[in-house]
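Below: one structure, written as structure tokens.
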Amino acid sequence: MTTQTTYELLSQTIQRLLPEVVETRHHLHQNPELSDREEKTATFVAERLRALGMDEVRERVGGYGVVGVLRGAKPGPTFAFRADMDALPIQEENDLPYKSCNPGVMHACGHDGHTSTLLGTAATLAQLRDRIPGTIKFLFQPAEETVGGAARMCAEGVMEGVDAIVALHGWPGMEVGQIGVRSGPAMASADTFDITIQGCGAHAAMPHIGVDPIVVGAQVVTALQTLASREISPTDSVVVTVTQFHAGTAYNIIPGTAELKGTVRCLSRAVRDSMAERIERVVAGVCSALRAEYTFQHRPGTPVTINDAGFNALVAEVGAELLGAENVFHLDAPSMGAEDFGIFLHHAPGAMFRLGVGADMPPLHTPCYNFADAALPKGIELFCRIALRYLETPR
């Protein structure tokens, strides 16, 4: 069992390293890179890991992914952490001394905080190597926002031999010093679809001689909403959202085609597996009734993030010890937002938990979001304690 002395040393180490961790986050926030373009971020991370004396550092894993391996002084299981590195195509509106220097790109989802937290965790645990039983992997993932990074990293073997894995996500609306945990489905799957409706162009004043793809598309958008309201059980969550509708070039021309794009989110694998057929059936029916043709493409994205019940209980237990039981919230409902951390969970049990970054923090994916520096030491210590507790638990 981990002694209080180890935890005291842990806290002291984190406090000593904290100024550097904060500086790291500010650097990353100021220099964001989009999905699959995280070259400088990955180089920065790899250099930091090497400076910490990692036993192994791999670069360009599944794109710009980075893996650090720390082997403890004693034999034991293999534990993994995961953080994501990519930013979003959003123009930052914060007035900060470390505001994004990359026009139109910012860390609006807090991946600068996730990466800094994991680097701080690596730095802390590297100094406690002689007390660690087992091996720890630090996985820095590219392309979370566009989904591809996790699958590519797993295909290159980063989860081989891993017994458990954990991740966190900074969460606005929760105070710093609070966490949210949930076993089972915690975040939704996310797939995308593309629909092209082929009508027949005409003069806007003579719609009867053409087939208006805009009218057909509007009917498709409306009809798709009946999938959630009339085909899926009310106890099974599903969201079908058309997010793009492109058609036309002039005020007085009915175009020949219309393009619709959207996303479908589910919490059940069975429902997810059925949605492509359901969506295409609706599109086909509407188009047939209104004399249009169509093409349909469905792209699988990320699966449901399903937290392991036993591991989630461990996270909650450690959180209660560190933060107080009143600051550990057992979430009643999952988020319909998606996270490709679920792909890692196909290879080993684990969990993702929510880390409070401020009750008044602007929402994720908005121009004013900013991961709170005050949350960094909380995330680092939670990560370290979770790993030590897992590695030292007799099996």
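Laboratory data are not the source of any read-out in this text; all were calculated from the coordinates shown. Note that this is a predicted model, so its numbers are computed, not measured. No Cβ is skipped: glycine too gets one built from the backbone with ideal geometry, and neighbour counts run over all protein chains shown.
Below is a table of values for the structure above.
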{"read-out": "Zero-based 10 Å bins, Cα pair distances in region 153-210, whole percents", "value": "13, 21, 22, 14, 10, 17, 4"}
{"read-out": "Relative contact order (%) - the chain, alpha-carbon pairs under 8 angstrom, separation at least six", "value": "24"}
{"read-out": "Mean projected area (nm²) of the alpha-carbon convex hull when the chain is viewed from all directions", "value": "21.0"}
{"read-out": "Protection-proxy order for peptides 85-92, 263-270, each taking the mean of Cβ atoms within 10 Å per residue, highest first", "value": "85-92, 263-270"}
{"read-out": "Mean separation of Cα contacts under 8 Å (6+ apart) over length of region 188-302, as relative contact order %", "value": "44"}
{"read-out": "Radius 12 Å from Cβ of L96, net charge of other residues (Lys, Arg +1; Asp, Glu -1)", "value": "-3"}
{"read-out": "Listed peptides 221-234, 195-208 by packing density, highest first (mean Cβ within 10 Å)", "value": "195-208, 221-234"}
{"read-out": "Entries in K137/K378; K74/K378; K99/K378; K99/K137 that, when Cα-Cα distance is taken, lie over 25 Å", "value": "K74/K378; K99/K137"}
{"read-out": "The chain: calculated mean residue ellipticity at 222 nm from DSSP helix runs of at least 4, using -39500 (n - 2.57)", "value": "-11000 deg cm²/dmol"}
{"read-out": "Within region 188-302: Cβ-based charge dipole about Cα centre, in debye rounded to nearest 20 (Lys, Arg +1; Asp, Glu -1)", "value": "160"}
{"read-out": "Shape metrics for region 244-370, restricted to C-alpha atoms - Rg then Dmax, Å", "value": "21.4, 67"}
{"read-out": "DSSP-defined antiparallel bridges as percent of all bridges, the chain, nearest 5", "value": "65"}
{"read-out": "nm² value of the averaged projected area, convex hull over the Cα atoms of region 172-303", "value": "10.5"}
{"read-out": "Alpha carbon centroid spacing (whole Å) that separates region 157-176 from region 29-95", "value": "14"}
{"read-out": "Dimensionless Rg over Rh [region 213-279; C-alpha; Kirkwood]", "value": "1.08"}
